[in-house]
1. Can you report the number of residues in the stretch A:47-65 which are more than 21 Å from A:Glu93 (Cβ to Cβ) and buried (at least 18 other Cβ atoms within 10 Å of the Cβ)?
2. Keeping to the stretch A:37-77, report how many residues are hydroxyl-bearing (Ser, Thr, Tyr) and more than 19 Å from the chain's Cα centre (by Cα).
3. Going through the stretch A:215-253 one residue at a time, which ones are of a type in the set (Lys, Arg) and part of a loop (DSSP other than H, G, I, E, B)?
4. Report yes if some residue within the stretch B:125-147 is on the phi > 0 side of the Ramachandran plot and touching an Asp or Glu at 6+ places or on another chain (Cβ under 8 Å); otherwise report no.
5. Identify all residues within the stretch B:188-204 that are assigned to a loop (DSSP other than H, G, I, E, B) and either under 17 Å from A:Leu110 (Cβ atoms) or over 15 Å from the mean Cα position of the chain (by Cα) (or both); write none if there are none.
6. Collect the residues in the stretch B:10-54 that are in contact with a strand residue (DSSP E or B) (Cβ under 6 Å, 6 or more places away or on another chain), in a loop (DSSP other than H, G, I, E, B) and among the hydroxyl-bearing types (Ser, Thr, Tyr), keeping them in residue-number order.
7. Are any residues in the stretch B:121-140 surrounded by 18 or more Cβ atoms within 10 Å (Cβ to Cβ) and part of a strand (DSSP E or B), and if so, which ones?
8. Could you check, for the stretch B:55-68, whether at least one of its residues is closer than 30 Å to B:Arg199 by Cβ and either in contact (Cβ under 8 Å) with a residue 24 or more places away in the chain or among the β-branched types (Val, Ile, Thr) (or both)?
Amino acid sequence: MTANGTASSESAPYTPQPLAWRLATVIRIVQETPRVRTLVFDVPGWPGHRAGQHVDVRLTAEDGYQTERSYSIASPPEDAHLSLTVERLENGEVSSYLVGELREGDAIELRGPIGGHFVWSVADGGPLVLVGGGSGIVPLMAMLRHRALATPEARGAIATRLLYSSRAWNEVIYRDELARLAMADPALTVSHTITREPPPGWTGFRRRVDRAMLEELVEAPRERPRLFVCGVTPFVETVADSLVGLGYEPAAIRTERFGPTGGAA
Amino acid sequence: MTPISRGFRGRHPEPGAGKLPPGQYETHDFPVLSAGPTPHTPLASWSFTLTAGGKSARWSWAEFEALPHEAITTDIHCVTKWSKFGTKWSGVPIDALLAAGAVQGVQPAPFALALSDGGYSTNVPLADLTNGQAWIAVAYDGGPLPAEHGGPARLLVPHLYFWKSAKWVRELRLLPRDDPGFWERLGYHNYGDPWREQRYAGDP
């Protein structure tokens, strides 16, 4: 199994298939917010994924220089195409290329799916609690889209709550789609908090996610919800610590931290 | 044949910067990655255990502090692609831990499984932890190791991808056979050499 030949076949959980680099061709681009685009790729041979997983993207310059980054998958497993939603970071070496330069018809390399912990499928059941900050919504959206494709009965049995924190109303990624999903689905509740520039007449939350907000919105610990938290590190630390403080089992809280690194910090 | 990404120039490493393993980029901040909430274990209830073959040695925080410590300056490489050069740590060399354990009858075995608060685990061959290659780190950049970076104590194995440097480590279990840890069971590489880009199971 390994290069150092240490793991026996019995101790290995499965026979690993190498995650091959695949050519992914952009077939559509959706401008989600001023700094965020969704890239829809055709990826021949894509092996499929679970909602919440990510891919590695590799770019190669003409002189052979290469670099890689990880991006969460936005599309549900049921989609024929693979979507990544990317936020342009200040000085982001790869994100500024993906958001600013890449055009329909261009191809990049990617491999995956990666990550087997921050994943959810309809068969896992609920209640489902998703807490996202900024572009941390992306893997949570894959879960919501996957859930939306289940039968109404299956969906109705999975009470689902999204709490989504954005800085400004025009920075809310998937805003219209989230509204449509919530409208069509009595078992889904979407709550926004707008931390810096709430729109005129905004009556919703206008502060960072905190313990009181979670206590007000989230199913009680006795309901044993599955909790997924994704955002930048301080966001995830605050939310996860608050959830532990409110009595949720730490093992039921799955987190994905990401950060603008290598420049914006 | 690697395709060129049209219009991509990239930010090549600055001259004189450290050497980057394939696919990595340099960061100057210190990103945090973990699969769940950050545990906060008080030092009064913290202990460290070394086990092998049914024998174990255990140190309270005060006893652990009395073990030999070393200052370490090293580059670290995370599988999520960032590398950070010249990080400064202090901690107990695994060599010193094994020596102290041997006094209490704990004998080495070829594989190690590090076990952490919060349920995390990771496996490393013992040969990768000895001869000055690994530490239980308790300080970072001149201060106590912050909880979000694995404090009060984390394994530090800087020559492997950083998920091997288990945060919040509480036990090192020495085993006759390899036993894959948390990420190793979820598709990540069993060994994790950044210079051979062993990120995921099946990577050569």
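The values are calculated or read from the model by the stated rules, or taken from the named source; none is laboratory data. Keep in mind the model is a prediction, meaning the values are calculated, not measured. We place every Cβ from the backbone using ideal geometry, glycine too, and count neighbours over all the protein chains shown.
1. 5
2. First, pick out the residues of the stretch A:37-77 that are hydroxyl-bearing (Ser, Thr, Tyr): A:38, A:60, A:65, A:67, A:70-72, A:75.
Retained after the next criterion (residues that are more than 19 Å from the chain's Cα centre (by Cα)): A:60, A:65, A:67.
Number satisfying all stated conditions: 3.
3. In the first step, residues of the stretch A:215-253 are kept if they are of a type in the set (Lys, Arg); the result is A:222, A:224, A:226.
Within the stretch A:215-253, just A:Arg224 meets the criteria.
4. Keep residues of the stretch B:125-147 that are on the phi > 0 side of the Ramachandran plot, which gives B:131-132, B:141-142.
Filter again for touching an Asp or Glu at 6+ places or on another chain (Cβ under 8 Å), leaving B:131-132.
Within the stretch B:125-147, one or more residues are on the phi > 0 side of the Ramachandran plot and touching an Asp or Glu at 6+ places or on another chain (Cβ under 8 Å).
5. Residues of the stretch B:188-204 that are assigned to a loop (DSSP other than H, G, I, E, B), as a first pass: B:189-193, B:197-199, B:201-204.
Within the stretch B:188-204, B:Glu197, B:Gln198, B:Arg199, B:Ala201, B:Gly202, B:Asp203, B:Pro204 qualify.
6. B:Thr27, the sole residue that qualifies.
7. Within the stretch B:121-140, B:Ser121, B:Thr122, B:Asn123, B:Val124, B:Trp135, B:Ile136, B:Ala137, B:Val138, B:Ala139, B:Tyr140 meet the criteria.
8. Looking only at the stretch B:55-68, we keep the residues that are closer than 30 Å to B:Arg199 by Cβ, and these are none.
No: the stretch B:55-68 contains no residue that is closer than 30 Å to B:Arg199 by Cβ and either in contact (Cβ under 8 Å) with a residue 24 or more places away in the chain or among the β-branched types (Val, Ile, Thr) (or both).
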